[in-house]
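Below is one structure, written out as structure tokens, with a few remarks after it.
No value in this document is a laboratory result; all are computed from the given coordinates. Not measured: the values here are computed from a predicted model. Backbone-built Cβ (ideal geometry, glycine too); neighbour counts: all protein chains shown.
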Amino acid sequence: MKLTALIPMLSVRYLQRSIAFYRDRLGFHVINAFGDPSPKWCMLGRDAIKLMLNEPPAAETDALSPQAKDFQVYYFYPEDVIALHEAWARDGLPVTDLRVTGYGMKEFELRDPDNYWLWFGQETADPPTVHE
């Protein structure tokens with residue numbers, strides 16, 4: 001059997017806030033949403049990327065440690081990491097500085113409203129600017 005896609009589902013505290021961030025700040029669009037009277041799940045898309053967001057009961061998410069998301073990284077591969085970084089920095093998004101890693105990636109990151117790490121990188125032959 002062939003697998004055709006992997007779509008992460010991120011649990012968020014306030015679904016409408018997260019939809020607004022991904023849609024209005026990062027350029028995603030809402031593909032579908034479910035829940036009545038207000039959505040508790042949605043699928044977002046941008047280019048070839050899809051993400052799902054769900055809003056579990058607040059008591060469950062409030063019980064999580066703030067560090068629970070520190071080791072969850074969602075890594076995106078844009079066509080032009082420099083242009084994306086410049087555009088989002090110009091738009092006031094809290095992006096980190098661009099760096100070149102020892103593993104050959106030019107990258108930056110930012111946190112979403114629920115503290116998930118979103119990393120953006122592109123392969124490069126440039127010498128490392130950081131040393132692990």
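Points worth noting:
- Measuring nothing but how far apart in sequence close Cα pairs (under 8 Å, 6+ apart) lie, relative to its length, region 69-132 scores a relative contact order of 39 percent.
- Fully extending the segment from THR129 to ARG90 would add 11.8 nm, taking 0.36 nm per residue of separation and subtracting the current Cα-Cα distance.
- Rounded to 5, the percent of DSSP beta bridges in the chain classed as antiparallel: 75 percent
- Along each principal axis, taking the top coordinate minus the bottom one, the Cα set of region 69-132 gives 33, 27, 18 Å in descending order.
- Rg and Dmax, both from the Cα atoms of the chain and both in Å, are 16.2, 53.
- Test item: Cα-centred dipole of region 7-58, Lys/Arg +1 and Asp/Glu -1 on Cβ, debye: 120 debye
- Annotation note: chymotrypsin sites (Phe, Trp or Tyr not before Pro) in region 35-131 located in DSSP loop regions with a Cβ neighbour count of at most 15 within 10 Å are PHE71, TYR103.
- With contacts taken as Cα pairs under 8 Å at a separation of at least 6 residues, the chain carries a relative contact order of 21 percent.
- Computed about its Cα centre, the charge dipole of region 69-132 is approximately 100 debye, with only Lys, Arg, Asp and Glu carrying charge at their Cβ.
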